[in-house]
Structure formats: C-alpha cells, structure tokens
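Bear in mind these aren't lab numbers, they're just calculated from the coordinates by the rules spelled out. Everything quoted here is computed from the prediction, not taken from an experiment. Note: ideal-geometry Cβ built from the backbone for every residue, glycine included; neighbour counts use all protein chains shown.
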Amino acid sequence: MARKQRKNEIDWTDEDEEIIWVSKSEIKRDAEHLKKLGENLMALNPTNLAKIPLEDNLREAIELAQRLRLEARRRQIQYVGKLLRNVDPEPIQEALDKVENRHNQQLALLQKLELTRDQLLEQGDVALNPLLDEYPQLDRQHLRNLIRGAQKEKQANKPPKNYREIFQYLKSIIVEN
C-alpha cells in the first residue's frame, strides 16, 4: 500500500517535460552496436586510426586491445564499448565510414584496372585507343609491347610476367596521377 501512495504523490506540475522510456533490450542493442564500432576501430591500422577523432583514453584502450589476444581482448572490447557510451559516436562512425569508403574506392579502381587489362589482351588496339584517349599520358608503344608479350606468354604457358607488368604500368599512371 505504501507503494501506491508514493506513486500517487509524484508531482506532475512540469507538463512540458516528457519522460522517454527506453527498454532494456534497446539499451543492450545500443551497447552491442557501440561494441561493434569499437571492434571496427580495432581492425584499423595505426595510420587510419590516427584519422579518427578519438579521446586519448579511448585511443589508448583501442591500441591496447589491438595487442591483446583471446579473453583479454574480449574484455578490452567490452571496455572500449563502455568508453564509447560516454562520447558521441556519430563523428567517429562518419570518420570510420570515410576511411572504409576510401578503401572500397581503391578496390573498385583496382578491379577496373584488372578489367581494362583483360580487355586490352582480348581486344588489342580496339580497347587501346579509347584508353589512350582517356589517359593521354600512357605510352602507346610500351603498352603494345607489354600486350604482345603477355599474349605470347599465355600461348606458351609461361609465367605471366608481362600480364602483371601491364597492371603495374596502368596502376602507376592512372592511380598515382
């Protein structure tokens, strides 16, 4: 009965203030999401981790977790998730997305170069002319020699030295410029 009396004694004079009830499951989901964010941060190399805006204690905890193994790592991941609850995760997530997207863009570009190389070997000058129009800094003669060499290697079942060299040449000119 005492509980009912206390419940009735609550003062609701401030009607503008709204109480938001958060379920226990939602709190757990949020904590799990922050823990996953921490794991993604731990997967970064030191160069990319430096690009993420983190507090010093959080950065130190992540760097420590990168060195730990097994159960100690699991406990450290839990701790990083706990630290992430005290900061705004949105800027961290945005910076992480930028780092990962840059990686994805580079992978897509390298895959495009592989497809271009394969087209050069299959189609020869038909594929070479549009490529040279798009990238005039490419050396036509050098590229044609590499293509011919790669085709000969393929016919003779030799190791694909020129095949790899075409990719490296395209990468050096297209990606690095």
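Here are some notes:
- Annotation for residue 172 and residue 71: the two label points, set 7 Å from Cα along the Cα-Cβ direction, are 5.3 nm apart.
- Within the chain, the longest run free of exposed loop sites, counting trypsin sites (Lys or Arg not before Pro) that sit outside DSSP helix and strand states (H, G, I, E, B) and have at most 13 other Cβ atoms within 10 Å, spans 86-177.
- Across q = 0.11, 0.15, 0.17 Å⁻¹, the chain modelled as identical point scatterers on its alpha-carbon atoms has Debye log10 I(q)/I(0) values of -0.74, -0.88, -0.97, in the order of the q list.
- Think of the chain as a dipole: +1 on every Lys or Arg Cβ, -1 on every Asp or Glu Cβ, centred on the Cα centre; then among 111, 101, 38, 111 lies furthest on the positive end.
- Gain in span if fully extended, residue 20 to residue 164, counting 0.36 nm per residue against the direct Cα distance: 45.8 nm
- Per-pair calculated FRET efficiency, R0 = 22 Å: residue 108 and residue 47 via Cβ, rounded to 0.05: 0.60
- Projected label distance in nm at residue 155 and residue 129, using a 7 Å step from Cα toward the beta-carbon: 2.3 nm
- For the stretch 103-175, a/c is not less than 1.5, where a ≥ b ≥ c are the root eigenvalues of the C-alpha gyration tensor, and a/b does not top b/c. That puts it in the oblate class.
- Tilt relative to the chain, helix 70-84 - C-alpha long axis, 0 to 90 degrees, to 10: 70 degrees
- Estimated 222 nm signal from helices in the chain, with DSSP H stretches of n ≥ 4 weighted -39500 (n - 2.57), rounded to 500: -23500 deg cm²/dmol
- The stretch 70-177, relative contact order [Cα under 8 Å, separation at least 6], %: 23 percent
- In this simple spin-label model, placing a label point 7 Å from the Cα along the Cα-to-Cβ direction at both residue 148 and residue 39 gives a separation of 5.5 nm.
- Degrees between helix 161-170 axis and first principal axis of the chain (Cα, 0 to 90, nearest 10): 60 degrees
- Once each of the GluC sites (Glu not before Pro) sitting in a DSSP loop with at most 13 other beta-carbon atoms within 10 Å is removed, the chain keeps 56-175 as its longest stretch.
- Between 0 and 90°, nearest 10: helix 140-155 axis offset from the chain longest Cα axis: 90 degrees
- Under a model in which nothing but the beta-carbon of Lys, Arg (+1) and Asp, Glu (-1) is charged, the chain shows a dipole of about 1360 debye around its Cα centre.
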